Amino acid sequence: MEVLPQRESIVATQRAKALLVISALFTAFGTLYSPQLLGTGVSLLVLLACLRLYATLELYAVSRCRATVSRVFAVEGEDVEVRVAIENPTPVPVVTAEVSVAYSQHLKLVGGVRAFLTIIPAKGSVTLTLRFRSRVGRHAVGPLRLAVRDVFGFFRFDYTVDAVGVVRCVPRASETTVRRLMVFTRTTGLTRSRRAGYGVELYSIREYRVGDDIRRLVWKYLASKRRLVVKEMELETMNRVVFVVDGTADSLAGPYGYTPFEYASRVVASISSYLSKRGDLMGVVIFSEDGVYRTPKLSRSYRRVVEPFADYTPSGNGDRDAGGRVKALEKAFRHVVSMLPREKSMVFFLATNPDQRYKQTLSETARKLVSLGHEVYVVLPLVTTFEIRGMPEWAQAIYRVKTFDLVKNYLEYARELRKSGVKTIVAGAQHVPQVIVSMLEARYGY
């Protein structure tokens, strides 16, 4: 990727202005009183002119420099390296160049420096390596800002190079959680239920009863036996699951790597890894103020389910306007409807940071999906229970008092949703995957 810098004007520093005044005084007094002073003044003016000419040559060199920023794909928690290279193809060296690299505020720099002073040699290049602690989402690294001065610092030139790299990161599935789910369900593969229910495989034929779907009538049997019978299908053990994850600015508040959104992404990744081994159909919808990121359709592939997390771009302005969050949820609803099949499916809303301001929209969205024949749950994980592990006893006591009101608000929020007819799950952070899988097992009767 070759990117040229944006040209900006050359400015004289305070040093150059002071030297210009001094040279003017030497020239004036030398003209009147001393030829030696006149020579000194003229020499200083020639020096300034030469430095201004060299600055112009540096401008020419920088305007033809090519910059590249590498693109990285990673799993959260890893340290990733991003290489920033600037190549100078001209015969003019760029002396005293201060290079600063902008990057997403959601990234944490753990190695290297974001700004450095360097010399870009003629027909050479300079490379900077930055090391970041990766986190879920798509994060930009760049553009570059160059501040170039001459040797004595008399002239300065600022440049913006629109070279932008990307760090794309998917959530990490917890192997411990996946194994715990395997033990919990006591199965490792797709099985047949041997029970009547929704499905495509024939289970049996029985007498017609009032209320049965006439599309399941066996007309050949009616023609030969003069009896109304219907086909019963075998209950499918294949799940159809859609996870809806809140990626708005409210869900990004918290410690680095342990925000509610990142916790929800790890839950989805762990459950999806388990369901992929079962051969279930899965999908994910992530909504934020900046857009919706989702799987195009339900898939059995774990990789396709977690890919939308690598495309998710965290909101950079930190705006927590309730109106923006409501609009994002409404837009997510349309995407969920478009990807759900006609068959009954299960939809889990991970409301990682419940907010009274958009509770009504959340309950209305859940009821609309239920009216379409799907089973919907709103999951409220108590993420704050993570932090109590590993604390000394006195710190745990203080922390319990601090978080008492927060947990109380979660429970009250869940109570209000249940009153509005929405199935709501409140569980500790470590128990959410097992609770969701137990809902799936109970629904399909494994």
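Observations on the model:
- Per-residue Cβ neighbour rank within 10 angstrom, fewest leading, 404, 287, 152: 404, 152, 287
- Legend: ranking of residues 76, 262 from fewest to most surrounding C-beta atoms inside 10 Å; resulting order 76, 262.
- Gyration tensor verdict on region 266-371 (Cα atoms; rounded if a/c is under 1.5, prolate if a/b is larger than b/c, oblate otherwise): oblate
- Among 209, 156, a tally of other beta-carbon atoms within 10 Å of each Cβ gives an order, fewest to most, of 209, 156.
- Using a Gaussian network model of the chain in which every pair of alpha carbons under 10 angstrom is joined by a spring, one finds that among 138, 240, 15 the greatest mean-square fluctuation is at 15.
- Most mobile of 70, 420, 371 in a GNM of the chain (Cα contacts under 10 Å): 371
- Over the chain: helical MRE at 222 nm, DSSP H runs n ≥ 4 each giving -39500 (n - 2.57), nearest 500: -12500 deg cm²/dmol
- Averaging 1/r over every pair of different alpha carbons in the chain and inverting the result gives a Kirkwood radius of 26.8 Å.
- Only aspartates and glutamates eight or more places from residue 231 in sequence, or on another chain, were considered; those with a Cα closer than 12 Å are 201, 207, 212, 213.
- Largest GNM mean-square fluctuation among 405, 150, 213, using the chain with Cα springs under 10 Å: 213.
- Pairs over the 22 Å Cα-Cα cut-off, from the set 331/408; 277/297; 368/423; 108/331; 297/423: 331/408; 108/331; 297/423.
- Restricting the chymotrypsin sites (Phe, Trp or Tyr not before Pro) of region 12-101 to loop positions (DSSP other than H, G, I, E, B) with no more than 11 neighbouring Cβ atoms within 10 Å leaves 33.
Bear in mind that the values in this text are calculations on the coordinates, not laboratory data. Just so it is clear, the structure is predicted and the values come from calculations on it, not from any experiment. A quick note on method: Cβ atoms are made from the backbone with ideal geometry, for glycine too, and the neighbour counts reach across all protein chains shown.
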